[in-house]
1. Hey, can you tell me all the residues within the stretch 112-143 that are touching a His at 6+ places or on another chain (Cβ under 9 Å) and within 18 Å of HIS71 (Cβ to Cβ)?
2. Residue by residue through the stretch 81-124, note down the ones that are β-branched (Val, Ile, Thr) and not in a loop (DSSP other than H, G, I, E, B).
3. Are any residues in the stretch 328-344 within 14 Å of the ligand (Cβ to nearest atom), part of a loop (DSSP other than H, G, I, E, B) and touching a strand residue (DSSP E or B) at 6+ places or on another chain (Cβ under 6 Å), and if so, which ones?
4. Aliphatic (A, V, I, L, M) and more than 16 Å from the ligand (Cβ to nearest atom) - does that describe any residue in the stretch 345-363?
5. Could you check how many residues of the stretch 146-164 are under 18 Å from the mean Cα position of the chain (by Cα) and in a loop (DSSP other than H, G, I, E, B)?
6. Could you please tell me which pairs satisfy a Cβ distance under 8 Å, a separation of 6+ or placement on different chains, a first residue in the stretch 346-363 that is more than 18 Å from GLU330 (Cα to Cα) and not assigned by TED's automatic domain parsing to the domain that holds SER334, and a second residue that is near the ligand (Cβ under 9 Å from one of its atoms) and acidic (Asp, Glu)?
Amino acid sequence: MLLAKKIRIKVSPRDAETLEFMQAKCRALYNGHLGQLNAGAKWSLYDAKKTRQQSRQVDPAINAVYGKLLHEVCFRLDEAMQAFVRRVKVGETPGFPRYHPRQKFFTLKYPGMDIQVQGQHLVLPTGGCGKTKRLANIHATLTETAPSPFQEVAISKDAQGQYYATFLSETTTSPPQADDGSAIAYDLGIKTLATGYSTTGRFLHIGGFTAYRWYNKQRDKIRSLRSQCQKGSRRYRYRTMVYHRISEEKRRKQRDSLHKASAFLTRQAERAIVLGDLSQPQMVQKSRKATKRTKGLHRSVQNEWGLDQFIGMIQYKARRYGKDVYLISERYTSKDCSGCGYRQDMPLWKRTYRCPQCGLVMDRDDNSARNILARFLARLGPYPASQQDDVLSANSGI
Ligand SMILES: [Zn+2]
């Protein structure tokens, strides 16, 4: 599996200028191709690559950019287009790939074999050679030791103006698998990030990132202050900077809490981790029918948590430790009684499940976690889980 390691790098002012120049050219190329698509042209990776010579004649400055970075730009747009087409085919309504804004650093992706790491030194090549070389190679200092070997190095910059190198490397060893047959089912939700129920009858409650409300308030404050300034003025730009800083801090903290929760969650299960499949989330379905006021609410709550990101983290962490992740249909798991199977409507505001038939009283999420586990165990049946249609193994690339 692929692992990424992001390391802060230090560059001299001159090298920073070179990086800025190269990313500006790459972005111009990306946006240029995208502009043609927006004007109605048909995307073809092959044709896009062929126009390289033309762009070199139009803008000779592009020769100072390392050639493979320009190549990578086409692949990047190709990926975005493919994802777009794929989603349209499935019946979703995705947005068309967007322009990259000028104020943001366009990530530069170097193939691993073109990069030299000498101790703490990272050498990033620029375009041309001999007499045609206009800009000197970049010599960056790594603040941590780089993994070796690596396949790709991506150079990026954050809102504070610091540069980073992300190394992608392949790991082959995975720890031995503990196999005592135990499994934990998790119900992912809004109130608590995850509620688990194990085959040994243990309940687990994992709270999530709760500080987002504070961050949202801060962001709103800055935004309203900014709206009183004249656009483009010194004060306006300063407040934009503060706004970006707060946003990034929020993102970072949220990601951190998701990482910690997913690590904890994967550690708990001996063998299998069962998750409710969120492809048909109740929260989003409900919000479509709901009133105007609640329409955006559930959606934003879901985005706030980053549940998709969270599932991704669980999947790769589980893979790393040789455990299996199963996604099973979450349908009716919150409506059915985990004791007797009675089904009743459970609107989102009802936090406690009360069964009129057997008298079971249980937290809503506990009840669904129990149902998910029961469903998983029932489906395991006499066949291995991977042969069943409804049980999807995360290792098959989902
Ligand atoms: Zn019941």
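1. Scanning the stretch 112-143 gives a single hit, LEU124.
2. Those that are β-branched (Val, Ile, Thr) and not in a loop (DSSP other than H, G, I, E, B): VAL85, VAL88, VAL90, VAL117, VAL123.
3. LYS335
4. yes
5. 1
6. Every condition considered, no pair remains.
The values are calculated or read from the model by the stated rules, or taken from the named source; none is laboratory data. For clarity, every value in this text was computed on a predicted model and none was experimentally measured. Ideal geometry is used to build each Cβ from the backbone, glycine not excepted, and the neighbour counts take in all protein chains shown.
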